[in-house]
Amino acid sequence: MKTIYLIGFMGSGKSTIGRLLAEKLQTSFMDTDHYIEEKYGLISNIFKNEGEKTFRSYEEDALKSTKEYDVVATGGGIVETASNFETMKNNGVIIYLQTSFQEIHQRLKDDQNRPLWSKGLEENKKLYKARISKYEKFCDWKIITDHKASEEVMKEILKKLNV
Ligand code: S3P
(Lines give C-alpha, C1' and ligand atoms only; values in the text may rest on other atoms or scores of the structure.)
Protein backbone atom coordinates (compact mmCIF):
# COMPACT_ATOMS: atom_id res chain seq x y z
CA MET A 1 0.00 0.00 0.00
CA LYS A 2 1.16 3.52 -0.81
CA THR A 3 1.58 5.65 2.28
CA ILE A 4 -1.15 8.24 2.84
CA TYR A 5 0.47 11.51 3.96
CA LEU A 6 -1.70 14.14 5.59
CA ILE A 7 -0.41 17.70 5.36
CA GLY A 8 -1.94 21.00 6.42
CA PHE A 9 -1.71 23.86 8.89
CA MET A 10 -1.53 23.34 12.67
CA GLY A 11 -4.97 22.41 13.96
CA SER A 12 -6.29 21.13 10.63
CA GLY A 13 -6.92 17.70 12.16
CA LYS A 14 -4.11 15.69 10.60
CA SER A 15 -3.44 13.52 13.67
CA THR A 16 -7.09 12.88 14.57
CA ILE A 17 -8.09 12.08 11.00
CA GLY A 18 -4.94 10.05 10.38
CA ARG A 19 -5.67 7.89 13.38
CA LEU A 20 -9.28 7.39 12.28
CA LEU A 21 -8.19 6.47 8.76
CA ALA A 22 -5.68 3.93 10.01
CA GLU A 23 -8.27 2.40 12.34
CA LYS A 24 -10.78 2.11 9.53
CA LEU A 25 -8.22 0.58 7.17
CA GLN A 26 -6.87 -1.57 10.01
CA THR A 27 -3.39 -0.46 9.24
CA SER A 28 -0.41 1.33 10.75
CA PHE A 29 -0.30 5.00 11.75
CA MET A 30 2.48 7.39 12.72
CA ASP A 31 2.64 11.06 13.47
CA THR A 32 5.97 12.79 12.73
CA ASP A 33 5.56 15.08 15.77
CA HIS A 34 5.04 12.05 17.99
CA TYR A 35 8.07 10.32 16.47
CA ILE A 36 10.22 13.40 17.17
CA GLU A 37 8.98 13.77 20.76
CA GLU A 38 9.66 10.08 21.48
CA LYS A 39 13.21 10.49 20.23
CA TYR A 40 14.19 14.03 21.25
CA GLY A 41 11.68 15.26 23.87
CA LEU A 42 9.01 17.94 23.81
CA ILE A 43 8.76 20.02 20.63
CA SER A 44 8.46 23.24 22.63
CA ASN A 45 11.78 22.42 24.33
CA ILE A 46 13.46 21.59 21.03
CA PHE A 47 12.40 24.99 19.64
CA LYS A 48 13.53 26.73 22.82
CA ASN A 49 16.86 24.97 23.32
CA GLU A 50 17.96 23.95 19.84
CA GLY A 51 16.01 26.23 17.52
CA GLU A 52 13.72 25.74 14.55
CA LYS A 53 16.50 24.75 12.16
CA THR A 54 17.40 21.73 14.29
CA PHE A 55 13.72 20.85 14.66
CA ARG A 56 13.38 20.86 10.85
CA SER A 57 16.28 18.46 10.52
CA TYR A 58 14.67 16.11 13.09
CA GLU A 59 11.44 16.41 11.12
CA GLU A 60 13.13 15.56 7.83
CA ASP A 61 14.64 12.50 9.47
CA ALA A 62 11.30 11.53 11.06
CA LEU A 63 9.59 11.61 7.68
CA LYS A 64 12.22 9.33 6.14
CA SER A 65 11.96 6.98 9.13
CA THR A 66 8.18 6.61 8.91
CA LYS A 67 8.01 5.45 5.28
CA GLU A 68 6.91 1.96 6.33
CA TYR A 69 3.72 3.28 7.94
CA ASP A 70 0.58 3.29 5.81
CA VAL A 71 -0.86 6.52 7.24
CA VAL A 72 1.42 9.38 8.32
CA ALA A 73 0.26 12.66 9.88
CA THR A 74 2.91 15.33 9.37
CA GLY A 75 3.70 18.52 11.28
CA GLY A 76 2.33 21.74 9.78
CA GLY A 77 5.82 22.86 8.77
CA ILE A 78 6.70 19.74 6.77
CA VAL A 79 6.42 21.91 3.65
CA GLU A 80 9.25 24.15 4.85
CA THR A 81 11.86 21.58 3.77
CA ALA A 82 12.03 20.97 0.03
CA SER A 83 13.37 17.41 0.25
CA ASN A 84 10.28 16.36 2.24
CA PHE A 85 8.34 16.68 -0.98
CA GLU A 86 10.48 14.02 -2.69
CA THR A 87 10.23 11.72 0.32
CA MET A 88 6.45 11.83 0.30
CA LYS A 89 5.96 11.95 -3.46
CA ASN A 90 8.15 8.89 -4.04
CA ASN A 91 6.44 6.88 -1.35
CA GLY A 92 2.76 7.73 -1.41
CA VAL A 93 -0.10 10.11 -1.89
CA ILE A 94 -0.13 13.59 -0.31
CA ILE A 95 -3.47 14.90 0.95
CA TYR A 96 -3.89 18.49 2.08
CA LEU A 97 -6.45 19.12 4.82
CA GLN A 98 -7.48 22.67 4.06
CA THR A 99 -8.93 24.61 6.98
CA SER A 100 -9.73 28.33 6.99
CA PHE A 101 -7.77 30.70 9.22
CA GLN A 102 -10.95 31.54 11.14
CA GLU A 103 -11.53 27.91 12.01
CA ILE A 104 -7.88 27.29 12.95
CA HIS A 105 -7.96 30.41 15.12
CA GLN A 106 -11.06 29.12 16.86
CA ARG A 107 -9.59 25.64 17.39
CA LEU A 108 -6.20 26.82 18.66
CA LYS A 109 -7.11 29.92 20.61
CA ASP A 110 -6.17 28.39 23.96
CA ASP A 111 -3.26 26.33 22.67
CA GLN A 112 0.03 26.85 24.53
CA ASN A 113 2.00 23.98 23.06
CA ARG A 114 2.80 25.15 19.55
CA PRO A 115 5.81 27.50 19.50
CA LEU A 116 4.97 28.95 16.09
CA TRP A 117 1.38 29.70 17.10
CA SER A 118 2.23 31.76 20.15
CA LYS A 119 3.54 34.87 18.41
CA GLY A 120 0.28 36.81 18.21
CA LEU A 121 -2.56 37.21 15.72
CA GLU A 122 -0.68 39.13 13.01
CA GLU A 123 2.23 36.66 12.96
CA ASN A 124 -0.21 33.75 12.89
CA LYS A 125 -2.02 35.23 9.90
CA LYS A 126 1.27 35.86 8.12
CA LEU A 127 2.42 32.28 8.67
CA TYR A 128 -0.93 30.90 7.52
CA LYS A 129 -0.83 32.96 4.34
CA ALA A 130 2.73 31.95 3.56
CA ARG A 131 1.99 28.28 4.11
CA ILE A 132 -1.13 27.95 1.93
CA SER A 133 0.70 28.07 -1.39
CA LYS A 134 3.23 25.54 -0.12
CA TYR A 135 0.53 23.02 0.83
CA GLU A 136 -1.08 23.57 -2.57
CA LYS A 137 2.24 22.90 -4.30
CA PHE A 138 3.04 19.76 -2.30
CA CYS A 139 -0.34 18.04 -2.41
CA ASP A 140 -1.84 15.57 -4.86
CA TRP A 141 -5.30 16.70 -3.80
CA LYS A 142 -7.04 18.52 -1.00
CA ILE A 143 -10.08 18.25 1.19
CA ILE A 144 -11.85 21.18 2.80
CA THR A 145 -12.40 20.44 6.47
CA ASP A 146 -14.31 23.52 7.66
CA HIS A 147 -17.49 22.72 9.60
CA LYS A 148 -16.93 18.99 9.11
CA ALA A 149 -16.57 16.32 11.77
CA SER A 150 -13.37 14.24 11.62
CA GLU A 151 -15.39 11.12 10.66
CA GLU A 152 -16.84 12.95 7.68
CA VAL A 153 -13.41 14.07 6.46
CA MET A 154 -12.09 10.54 6.92
CA LYS A 155 -14.96 9.14 4.82
CA GLU A 156 -14.31 11.68 2.07
CA ILE A 157 -10.68 10.58 1.94
CA LEU A 158 -11.67 6.91 1.67
CA LYS A 159 -14.08 7.72 -1.12
CA LYS A 160 -11.48 9.65 -3.03
CA LEU A 161 -8.98 6.82 -2.55
CA ASN A 162 -11.57 4.33 -3.74
CA VAL A 163 -11.40 2.15 -0.64
C1 S3P B 1 4.63 23.23 13.29
C2 S3P B 1 3.53 22.44 13.49
C3 S3P B 1 3.43 21.48 14.61
C4 S3P B 1 4.81 21.03 15.07
C5 S3P B 1 5.69 22.21 15.34
C6 S3P B 1 5.86 23.14 14.13
C7 S3P B 1 4.64 24.18 12.14
O8 S3P B 1 2.68 20.34 14.22
O9 S3P B 1 5.42 20.20 14.09
O10 S3P B 1 5.14 22.91 16.42
O11 S3P B 1 5.72 24.66 11.76
O12 S3P B 1 3.54 24.44 11.58
P13 S3P B 1 1.04 20.33 14.06
O14 S3P B 1 0.76 20.80 12.66
O15 S3P B 1 0.71 18.90 14.25
O16 S3P B 1 0.50 21.22 15.08
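The values are calculated or read from the model by the stated rules, or taken from the named source; none is laboratory data. No experiment lies behind these values; they were computed from the predicted model shown. Backbone-built Cβ (ideal geometry, glycine too); neighbour counts: all protein chains shown. Protein only, heavy atoms only, side chains kept; ligands, DNA and RNA dropped before computing areas. Shrake-Rupley method; radii C 1.70, N 1.55, O 1.52, S 1.80 Å.
In this structure, does residue 97 turn out to be on the phi < 0 side of the Ramachandran plot, assigned to a strand (DSSP E or B) and within 13 Å of the ligand (Cβ to nearest atom)? Criteria met by residue 97.
Quick one: would you say residue 17 is hydrophobic (A, V, I, L, M, F, W, C), assigned to a helix (DSSP H, G or I) and more than 29 Å from residue 155 (Cβ to Cβ)?
no
Residues in the range 54-74 that are crowded, with 24+ Cβ neighbours inside 10 Å and not in a helix (DSSP H, G or I): 71, 72, 73, 74.
Answer with yes or no whether residue 84 is open to solvent by less than 70 Å² (accessible area, probe 1.4 Å), of a type outside the set (D, E, K, R) and more than 16 Å from residue 15 (Cβ to Cβ). Please lay out each step first, then the result.
Numbers: open to solvent by less than 70 Å² (accessible area, probe 1.4 Å): yes; of a type outside the set (D, E, K, R): yes; more than 16 Å from residue 15 (Cβ to Cβ): yes.
Answer is yes for this residue.
Considering every residue within the range 9-19, establish whether at least one is touching a residue at least 60 places away in the same chain (Cβ under 8 Å), more than 16 Å from residue 140 (Cβ to Cβ) and over 14 Å from the mean Cα position of the chain (by Cα). Looking for residues that are touching a residue at least 60 places away in the same chain (Cβ under 8 Å), more than 16 Å from residue 140 (Cβ to Cβ) and over 14 Å from the mean Cα position of the chain (by Cα), one finds none in the range 9-19, hence no. Apart from one condition, residue 157 fits all of (1) open to solvent by less than 20 Å² (accessible area, probe 1.4 Å); (2) more than 16 Å from the ligand (Cβ to nearest atom); (3) within 21 Å of residue 62 (Cα to Cα); the exception is (3).
Output the number of residues of the range 107-131 satisfying the condition of being within 15 Å of the ligand (Cβ to nearest atom), free of Cβ contacts under 8 Å to residues at least 60 places away in the same chain and not in a loop (DSSP other than H, G, I, E, B). Spell out the reasoning first.
If we filter the range 107-131 for residues that are within 15 Å of the ligand (Cβ to nearest atom), which is where we start, we get 107-119, 123-131.
From the residues that got through so far, the ones that are free of Cβ contacts under 8 Å to residues at least 60 places away in the same chain too are 109-110, 112, 118-119, 123-127, 129-130.
From what's left, not in a loop (DSSP other than H, G, I, E, B): 123-127, 129-130.
Summing the residues that are within 15 Å of the ligand (Cβ to nearest atom), free of Cβ contacts under 8 Å to residues at least 60 places away in the same chain and not in a loop (DSSP other than H, G, I, E, B) in the range 107-131 gives 7.
Beta carbons closer than 9 Å, at least 6 apart along the sequence or on distinct chains, pair a first residue in the range 136-148 that is surrounded by fewer than 13 Cβ atoms within 10 Å (Cβ to Cβ) with a second that is part of a loop (DSSP other than H, G, I, E, B) for 146/99; 146/100.
Select from the range 20-33 the residues that are assigned to a loop (DSSP other than H, G, I, E, B) and hydroxyl-bearing (Ser, Thr, Tyr) and write down the one among them that is farthest from residue 77 (Cα to Cα). Here the answer is 27.
Beta carbons closer than 7 Å, at least 6 apart along the sequence or on distinct chains, never pair a first residue in the range 51-66 that is free of Cβ contacts under 8 Å to residues at least 12 places away in the same chain with a second that is of a type in the set (D, E, K, R) and away from the ligand (no atom under 12 Å from the Cβ).
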